[in-house]
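The values are calculated or read from the model by the stated rules, or taken from the named source; none is laboratory data. Quick caveat, the model's predicted, so the values are computed rather than measured. Here the Cβ positions follow ideal geometry from the backbone for every residue, glycine too, while neighbour counts run over all protein chains shown.
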Amino acid sequence: MVFKLFRWVCYAALIIVAGAFVLMIALGSSELCSSLSTGSIRCSSPTAQTLAELSFGIVLISVFTGIPTLFALLGVVFLIRALWLRFGPELPEEDGEVSTAARIQHFGKMALYVLGGLFALAFFGGMLSAAFE
């Protein structure tokens with residue numbers, strides 16, 4: 001029960017942090033906000049101003065404390081694991097037992113997916129930093 005709750009907290013952190021990063025990229029590339037830099041945000045409409053300030057606050061908390069980022073990364077790991085267990089190949093069984101080699105191969109593939117997810121997060125983080133230069 002506690003693990004399931006922790007997993008859902010990590011999923012929520014992933015949605016919030018990723019949404020804030022995507023919103024910052026969208027507002028920075030649109031004509032709604034003329035200035036998105038460290039410490040100042042200037043947008044043409046009050047709604048865009050509020051959304052920019054909220055997402056900028058989430059991004060700053062994520063970058064400087066690292067706690068939301070850690071939970072978001074764990075959310076990526078849990079999400080990849082859940083997708084792998086749902087859509088991934090079945091482990092081959094021999095006499096009702098799963099062989100050690102199959103478990104190692106399964107873990108290796110899962111680790112590659114997790115590394116791919118982390119690479120995607122790093123890529124989007126690089127895009128976000130390039131958008132603010």
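Overview of results
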quantity	calculated
Residue satisfying condition, being farther than 26 Å from Leu79 by Cβ and not acidic (Asp, Glu), within set Leu27, Leu32	Leu32
Residues (exposed (fewer than 12 other Cβ atoms within 10 Å of the Cβ) and either acidic (Asp, Glu) or touching an Asp or Glu at 6+ places or on another chain (Cβ under 8 Å) (or both)) located in segment 31-52	Glu31
Residue check, Phe56 under 17 Å from the mean Cα position of the chain (by Cα) and farther than 25 Å from Leu83 by Cα	yes
Meets criteria (within 15 Å of the chain's Cα centre (by Cα), surrounded by 13 or more Cβ atoms within 10 Å (Cβ to Cβ) and touching a residue at least 60 places away in the same chain (Cβ under 8 Å)) for Gly28	no
Identity of the residue in segment 22-59, part of a helix (DSSP H, G or I) and hydroxyl-bearing (Ser, Thr, Tyr), that ends up modelled with the lowest pLDDT	Ser29
Close pairs from segment 59-82: first closer than 17 Å to Phe3 by Cβ, partner among the aromatic types (Phe, Trp, Tyr) and assigned to a helix (DSSP H, G or I), Cβ under 8 Å, at least 6 apart	Gly75/Tyr11; Phe78/Tyr11; Leu79/Tyr11; Ile80/Tyr113
Top-ranked residue of segment 1-23 - restricted to ones that are within 13 Å of Ala82 (Cβ to Cβ) and of a type outside the set (Phe, Trp, Tyr), ranked as surrounded by the most Cβ atoms within 10 Å (Cβ to Cβ)	Leu14
